[in-house]
1. Give the number of residues within the stretch 524-551 that are surrounded by fewer than 18 Cβ atoms within 10 Å (Cβ to Cβ) and within 16 Å of the ligand (Cβ to nearest atom).
2. Limited to the stretch 318-340, what total is found for residues that are farther than 18 Å from Ala154 by Cβ and either of a type in the set (A, V, I, L, M, F, W, C) or part of a loop (DSSP other than H, G, I, E, B) (or both)?
3. Confirm whether Asp343 is farther than 30 Å from Thr435 by Cβ, assigned to a helix (DSSP H, G or I) and acidic (Asp, Glu).
4. For residues that are acidic (Asp, Glu) and either open to solvent by less than 10 Å² (accessible area, probe 1.4 Å) or farther than 24 Å from Leu177 by Cα (or both), tally how many sit in the stretch 577-600.
5. Restricting the stretch 508-518 to residues that are open to solvent by 20 Å² or more (accessible area, probe 1.4 Å) and assigned to a strand (DSSP E or B), which is farthest from the ligand (Cβ to nearest atom)?
6. Given the stretch 170-258, what helices (runs of 4 or more DSSP H) lie entirely inside it while holding 3 or more residues that are surrounded by fewer than 16 Cβ atoms within 10 Å (Cβ to Cβ) and over 22 Å from the mean Cα position of the chain (by Cα)?
7. Do any helices (runs of 4 or more DSSP H) lying entirely in the stretch 353-420 carry at least 1 residues that are within 15 Å of the ligand (Cβ to nearest atom), and which ones are they?
Amino acid sequence: MSNKNIESVLQEGRLFPPADSFKAAAGLDAAKLAALHAAAEHDPTGFWGDQAREALTWHTPFTDVLDESEAPNYRWFGDGKLNVSVNCLDVHLAERGDNTALVFESEPGAVRRLTYRELHAEVCRFANGLRALGVEQGDRVVIYMPLMPEAIIAMQACARIGAIHSVVFGGFSALSLRDRIEDAGARVLITADGGMRGGNVIELKTAADKALSEGCASIESLIVLRHTGHDVPMVAGRDVWWQDLVHDKPATCEPAWVDAEHPLFLLYTSGSTGKPKGIQHSSAGYLLGAKLSTQWVFDLQPDDVFWCTADVGWITGHSYVAYGPLANGATVVLYEGGPTWPDAGRFWRIIEDHKVSIFYTAPTALRALMKLGDDIPNSYDLSSLRLLGSVGEPINPEAWMWYRTVIGKDRCPIVDTWWQTETGAILISPVPGATATKPGSCTQPLPGIDAAIVDDEGNAVTKPDAGGYLVVRRPWPSMLRTIWNDNDRYIDTYWHRFQNRYYVAGDSAHRDADGYFWIMGRIDDVLNVSGHRLGTMEVESALVAHHRVAEAAVVGKPHPVKGEAVFAYVVCRGERPMGDTRAFVEELRQWVGEQIGAIAKPDEIRFADNLPKTRSGKIMRRLLRAIARDEEITQDISTLENPQIVDQLRGK
Ligand code: WTA
């Protein structure tokens, strides 16, 4: 969002305090929230210790809350032991065993429900299946599945036996899957014959076969869920059907009691350099963050129906589909398919049919649905909704207001939640029964989170509306622990900038006179396309891997629906492509899709004889961004080695 938008919102003074009726019923009102903040400020470590004792079920209680001896590799609750799946499932069996845990709707429209008891049994069966295949505590298991109950069963089953899962989004290509499997050194891959999206079958098994045929020596077994039912070849000795693996397995499974710090999962995400990095999360600290933030931010009540539209391939699907809501005993809606399939009313129909009360989605989806007009949502009964959430990218005030008026009918508070794969859980967000919201601001840090804005020297920026680095000055339980196999990169990326004192989020932000946070966007070479992180370097290396491409530079360009679009400048070997280049552009887009996944396909590709570089050989990205955006060029281009290139880059 531009500064201008923010200013106009602030000038209009649009401030939405929680409605009295919402406040009265909320789990956390202003007084309780203030008490939590006060406790956390008074004794941050003691605060988290109390929360962890109260919120989680421990096998061996911890005595040491926070070990800072190897900072910034912090350890939380280090000598305690627990099991995450026990905390999400077993703890509910006595009182809520027959409550619905999952409501699944497939894209063709079939609905399947699982109670907590049924989910527990399925998780145990599959966990026993994994053990039968030889999976042991600490082994890595990669999950490459559609968004459906079995994806969650697989995650929870890994947690049950202490295996470390790494979910790879089903939209990633075979090559991306291969790279992640190899980096994690996984023993088992779990997939499905296929998934459904927009009426098409996503060939997950085919992609898995391709990934395994091009490396992945560590993989011993490939488990395949029969889902779409179309024919897929099975490799004898390696492949096993999920259904065959579980059919004779008992419905109970002794959990592995793991150390609090035992890695629960790896999740690969894009950074500004090199290949995606395996963000490593812990068991206890992560679960605590996911569980508490779900309570605080979504005000979960016993009869809520919670629908977070994120895929389990992203962190949002981990914390607010697979772990946080289940740890709270909630009813979770899962929908496998596309938002506009078979028509643009699908999301709203799901809300009506399943009486969704809490709806959590991304601004990009809201903007896409907003464009289709108000008549569509207006023709559904959305009266079950009581709270709306947004995540993944800055939400522009227009989309926020549409969400509030057209979807929430001015009744439902909106929580704009800021967080990251690395933070594990929401860190900055309104608490709906307490915080007055402003369209476009994620408002204030949650209790125990010391978020701040600092300048180049690391000093807190106190002047209202002055921008700076968004940092977190104290460790928090759900923070990432390291980057898998690369602790140096962990320190370099997140801590080095301010001498290991502050966690550096990679976003810029400012605070207004009320202390509200406004996120401005990334300060590194990471794009946010439809709420998904994408490294410019990743797309560049995909492009230069094409035999005709010599050099490539990728920048982001603002896009009305996706937030940001991928804009690529390409220098070819030999002659610059001239005339009708459409076929070649399409070939390159497909190529990038195969290398990374469809989300990385450039929206625009422009060819040039060379790229604008300084005399020392650095690509001038700021200039390329300005050109992509058709902006006035304010940079000094006299230092360019090749100033005449600018016209060509402009497409002239
Ligand atoms: C951006 C997604 C503004 C931000 C949970 C962050 C946001 C990156 C918001 C993390 C928000 C996420 N307002 N920007 N409410 N939420 N972001 O790791 O740039 O996929 O650094 O985690 O998304 O993306 P990630």
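1. The number of residues fulfilling the criteria is 1.
2. Qualifying residue count for the region: 8.
3. Spelling it out, it is not the case that Asp343 is farther than 30 Å from Thr435 by Cβ, assigned to a helix (DSSP H, G or I) and acidic (Asp, Glu).
4. Summing the residues that are acidic (Asp, Glu) and either open to solvent by less than 10 Å² (accessible area, probe 1.4 Å) or farther than 24 Å from Leu177 by Cα (or both) in the stretch 577-600 gives 1.
5. In this case the residue turns out to be Arg511.
6. Details: elements: 174-184, 204-213, 242-246.
Of the helices (runs of 4 or more DSSP H) lying wholly inside the stretch 170-258, none has at least 3 residues that are surrounded by fewer than 16 Cβ atoms within 10 Å (Cβ to Cβ) and over 22 Å from the mean Cα position of the chain (by Cα).
7. Of the helices (runs of 4 or more DSSP H) lying wholly inside the stretch 353-420, those with at least 1 residues that are within 15 Å of the ligand (Cβ to nearest atom) span 363-371, 397-402.
Listed here are the residues, each with its yes/no results for (1) modelled with pLDDT of 95 or more; (2) crowded, with 19+ Cβ neighbours inside 10 Å; (3) acidic (Asp, Glu).
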| site | (1), (2), (3) |
| --- | --- |
| Pro61 | yes, no, no |
| Asp79 | yes, no, yes |
| Asn83 | yes, yes, no |
| Asn87 | yes, yes, no |
| Asp98 | yes, no, yes |
| Arg113 | yes, no, no |
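The values are calculated or read from the model by the stated rules, or taken from the named source; none is laboratory data. Everything numeric in this text was worked out from a predicted model, so none of it was measured. Using ideal geometry, Cβ is built from the backbone for each residue, glycine included, and neighbour counts are taken over all protein chains shown. Heads up: the accessible areas ignore ligands, DNA and RNA and are worked out on the full protein's heavy atoms, side chains in. Shrake-Rupley method; radii C 1.70, N 1.55, O 1.52, S 1.80 Å.
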